[in-house]
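Scroll down for the structure; my scribbles are underneath it.
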Amino acid sequence: MEEILVIAALGAFFAAALTVPAGFGLSTMLTPFALLLMPPHEAVAVVAVVHGAHNAAKCWSMWDSVDLTAFRHYGVWLVIGAVLGAILQNEVPQDPLLVIIGLFLIILPILTLSENWTGYRIPEANDRIGGFGSGFMGGLSGHQGALRAMFLTRRLPDKMAYAATASILALCVDLSRIPVYLYFKPDEILSHVQITLVLVVSAIIGVRVGKKWLKSLKSAWIHNGVMIGIIASGVFYIWEATN
């Protein structure tokens, strides 16, 4: 158990550092580690707390770069989607939930690349759909960022503005869904307080390293690495559910 916790803490640190430049991917990379320590529903909730602390730390360190116009544009629909997804998350059986998440994560990178294949640019009028969909998937499974990135990167080409704004939008989802999780499963979630604190500290430390990477590394390198991680996680979830 202790060895697994150390591995999970290291995973939280590196995932947090990597996802500062990428703007998403922490839940995707951290949830497999949490699944080694607890059942899926509880893992989603615990990772949500870690995700929220991580995004709060990013907001604090990059507040000057937040694009408030984009925040207002997406924020309301993110929150609505997050609450609905979190309520549904409690009603979905564990194994089907893992399969849904896995399929979503395998298909998602293909959708992200589709613009390069087709030349089709998602119109700004669909940003509300993207905001709602991102919040809904965040509430349902914790994996909100990749869908949001498909829309947000088109509006905010500056990497600092993108990373900072993505963090405050993600924090809105976390603050919306965590109370719902606690309402439905308070005892189960609170039983993992020690594990949660260890992962939170690791993720916050990772933010400091990730901010340095954001300034020096090409975002495309990190983005491609996260995409590979998303697909690998999707395969892992389906394997976990079917075995």
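The values are calculated or read from the model by the stated rules, or taken from the named source; none is laboratory data. None of the values given here were measured: they were computed from a predicted structure. All Cβ positions, even for glycine, are placed from backbone atoms using ideal geometry, and neighbour counts span all protein chains on display.
Odds and ends about this structure:
- Lone unmet requirement of (1) under 14 Å from the mean Cα position of the chain (by Cα); (2) modelled with pLDDT under 80; (3) part of a helix (DSSP H, G or I) for PHE24: (3)
- Flag if LEU37 is hydrophobic (A, V, I, L, M, F, W, C), at pLDDT 80 or above, in contact with a His (Cβ under 9 Å, 6 or more places away or on another chain) and under 19 Å from TYR181 (Cα atoms): yes
- Pairing residues of the stretch 172-190 that are within 18 Å of ALA57 (Cα to Cα) with residues that are polar (S, T, N, Q) and in a helix (DSSP H, G or I), at Cβ distances under 7 Å and at least 6 apart in sequence or on separate chains, gives ASP174/ASN55.
- Hits in the stretch 1-32 - residues which are of a type in the set (A, V, I, L, M, F, W, C) and free of Cβ contacts under 8 Å to residues at least 40 places away in the same chain: MET1, ILE4, VAL6, ILE7
- Complete set of residues in the stretch 216-243 that are part of a loop (DSSP other than H, G, I, E, B) and at pLDDT below 75: LEU217, LYS218
Yes/no matrix, rows are residues, columns are (1) at pLDDT 70 or above; (2) surrounded by fewer than 20 Cβ atoms within 10 Å (Cβ to Cβ); (3) among the hydrophobic types (A, V, I, L, M, F, W, C):
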residue: THR69; (1), (2), (3): yes, yes, no
residue: VAL92; (1), (2), (3): yes, yes, yes
residue: LEU98; (1), (2), (3): yes, no, yes
residue: ASN126; (1), (2), (3): no, yes, no
residue: GLY133; (1), (2), (3): yes, no, no
residue: GLY138; (1), (2), (3): yes, no, no
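- Some residue of the stretch 177-189 being within 12 Å of GLY81 (Cα to Cα), in contact with a helix residue (DSSP H, G or I) (Cβ under 9 Å, 6 or more places away or on another chain) and at pLDDT 80 or above: yes
Yes/no per residue for (1) within 17 Å of GLY139 (Cβ to Cβ); (2) over 15 Å from the mean Cα position of the chain (by Cα); (3) in a loop (DSSP other than H, G, I, E, B):
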{"site": "ALA8", "(1), (2), (3)": "no, yes, no"}
{"site": "PHE13", "(1), (2), (3)": "no, no, no"}
{"site": "VAL50", "(1), (2), (3)": "yes, no, no"}
{"site": "MET62", "(1), (2), (3)": "no, yes, no"}
{"site": "HIS73", "(1), (2), (3)": "no, yes, no"}
{"site": "VAL76", "(1), (2), (3)": "yes, yes, no"}
{"site": "LEU98", "(1), (2), (3)": "yes, yes, no"}
{"site": "PHE104", "(1), (2), (3)": "yes, no, no"}
